1. So H244 ticks every box in (1) farther than 27 Å from N329 by Cβ; (2) within 15 Å of ligand 1 (Cβ to nearest atom); (3) crowded, with 23+ Cβ neighbours inside 10 Å but one. Which box is left unticked?
2. Which ones in the stretch 247-270 are more than 12 Å from ligand 1 (Cβ to nearest atom), in a loop (DSSP other than H, G, I, E, B) and loosely packed, with under 15 Cβ neighbours inside 10 Å?
3. Every residue in the stretch 280-296 that is more than 16 Å from ligand 3 (Cβ to nearest atom), more than 24 Å from the chain's Cα centre (by Cα) and either open to solvent by 10 Å² or more (accessible area, probe 1.4 Å) or within 18 Å of G242 (Cα to Cα) (or both), please.
4. With respect to the numbered conditions (1) open to solvent by less than 60 Å² (accessible area, probe 1.4 Å); (2) in contact (Cβ under 8 Å) with a residue 24 or more places away in the chain, which one is the sole condition not fulfilled by A277?
5. For the stretch 271-280, indicate whether the set of residues that are in contact with a helix residue (DSSP H, G or I) (Cβ under 9 Å, 6 or more places away or on another chain), within 13 Å of ligand 1 (Cβ to nearest atom), of a type outside the set (K, R) and under 27 Å from S156 (Cα atoms) is non-empty.
6. Check L209, L218 and return the single one that is more than 22 Å from D284 (Cα to Cα), assigned to a helix (DSSP H, G or I) and open to solvent by less than 30 Å² (accessible area, probe 1.4 Å).
7. If you check R213 against the conditions, is it modelled with pLDDT of 95 or more and within 16 Å of ligand 3 (Cβ to nearest atom)?
Amino acid sequence: MVTRTYDNSHFDESTNGVVVMVEPYSQKEQIQQVVYRILDANLDRAREGLRIIEEWCRFGLNNAQLALECKRLRQEVAKWHTPELRAARDTPGDPGTELTHPQEEERASIKSVLQANFCRIEEALRVLEEYSKLYQPNMAKACKQMRYQVYTLESSLMGHQRHQLLWRSRLYLVTSPSENLLNNVEAALKGGLTLLQYRDKTADDSLRLEQARKLRQLCHIYGALFIVNDRVDVALAVDADGVHLGQQDMPIAVARQLLGSQRLIGLSTTNKEEMQAAIAEGVDYIGVGPVYETPTKLGKVATGLEYVSYAAKNCSIPWFAIGGIDANNINDVIDAGAERVAVVRSLMQAEQPTLVTQYLLSQLNRIKPEL
Ligand SMILES: Cc1ncc(COP(=O)(O)OP(=O)(O)O)c(N)n1
Ligand SMILES: Cc1nc(C(=O)O)sc1CCOP(=O)(O)O
Ligand SMILES: [Mg+2]
């Protein structure tokens, strides 16, 4: 029997220490072993990542279609994991098993778990694609295809997550310029806010980008959606969840083309016609207002509670009553049929934004505990 090792002086337990003649690997064979180990490790990595995503689709979202797609991809990966590749495994000799990044030990939210694992799968498939060119070109082609299928899965799943959270969000904070911007927003997030819009009509672009980035990061940590007012370019630059547009802003069709189908687009409406047009254009939610006159939007005539009642009966997508709503009048707006409201001053000027957020949410949750 010829025992092959990388090292001629290796102690071979199978021969009880009797040193047998060892034929060294040729350089070509050594490289082949390394390639096999890389393929073996990355097939495992891709499959593990897929399983993590699959569990969320199945148990978190109850989404059979997404779970099934993960399972199909997992099985496709497994098909390439031949005994030959498995046999190359050398876990004790792998220095990589000790290497972890601090970020891997803690995740801020389900979203970060999913994103980290999508990255892991995509990286693994890219590695598989490159190294399997030295092994089986067919495998390289299959891995490339799978990588694109994983990109599609990622965008469907992340889009699905966004839409779910939008439907579940009852309170929407629209910011105003403030020295305490980040503190105020964080206080509201601590109170349970799940939807934030960054709105600053006068800041220059460098400040706008800086603040948008910081707010997006904060929302990411708290698992909240982050929307940018007016500016599709800023929304894309900071990887926001979407944009809010007005009737005078960029047309919805153009914004959709730029943002793709997975990001959210909201549109302000003041009457039935605008509401019906917004739904037909495929926006994800609408603003309904201003319910009351408000200094935050000077000169815009109030629509009153009538339009709120109309929306309650006729709007098939999520809608947020907005304009002059605060802790004193929120129950009138709820009584008119609103299940979701958006506010600026009530939270941006609150002394205790966490408490006010909790109060507004408690009122909105009073009618139907679960949306
Ligand atoms: C949730 C929500 N509803 C309405 C608006 C107003 O948008 P718009 O009419 O474009 O006015 P500006 O906010 O850009 O002044 C909004 N921002 N958010
Ligand atoms: C930004 C905005 N849009 C409105 C609309 O009706 O389209 S009302 C509004 C301002 C709402 O501010 P506050 O909560 O301070 O009254
Ligand atoms: Mg606007």
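1. (1)
2. P251, G260, S261
3. If the condition is that a residue be more than 16 Å from ligand 3 (Cβ to nearest atom), more than 24 Å from the chain's Cα centre (by Cα) and either open to solvent by 10 Å² or more (accessible area, probe 1.4 Å) or within 18 Å of G242 (Cα to Cα) (or both), then A280, Y292, E293, P295 are the ones that fit.
4. It fails just one condition, (2).
5. Within the stretch 271-280, one or more residues are in contact with a helix residue (DSSP H, G or I) (Cβ under 9 Å, 6 or more places away or on another chain), within 13 Å of ligand 1 (Cβ to nearest atom), of a type outside the set (K, R) and under 27 Å from S156 (Cα atoms).
6. On the way: L209 fails: open to solvent by less than 30 Å² (accessible area, probe 1.4 Å).
Being more than 22 Å from D284 (Cα to Cα), assigned to a helix (DSSP H, G or I) and open to solvent by less than 30 Å² (accessible area, probe 1.4 Å) holds for just one of L209, L218, which is L218.
7. no
Every residue, every condition in (1) free of Cβ contacts under 8 Å to residues at least 40 places away in the same chain; (2) touching a Lys or Arg at 6+ places or on another chain (Cβ under 9 Å); (3) hydrophobic (A, V, I, L, M, F, W, C), yes or no:
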site: Y307; (1), (2), (3): yes, yes, no
site: N314; (1), (2), (3): no, yes, no
site: I322; (1), (2), (3): no, yes, yes
site: A327; (1), (2), (3): yes, no, yes
site: I334; (1), (2), (3): yes, yes, yes
site: E339; (1), (2), (3): no, yes, no
site: L347; (1), (2), (3): no, no, yes
site: Y359; (1), (2), (3): yes, no, no
site: Q363; (1), (2), (3): yes, no, no
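The values are calculated or read from the model by the stated rules, or taken from the named source; none is laboratory data. Remember, predicted model here, so these are calculated numbers, not experimental data. All Cβ positions, even for glycine, are placed from backbone atoms using ideal geometry, and neighbour counts span all protein chains on display. Ligands, DNA and RNA are excluded from the accessible area calculation, which covers all protein heavy atoms including side chains. Shrake-Rupley method; radii C 1.70, N 1.55, O 1.52, S 1.80 Å.
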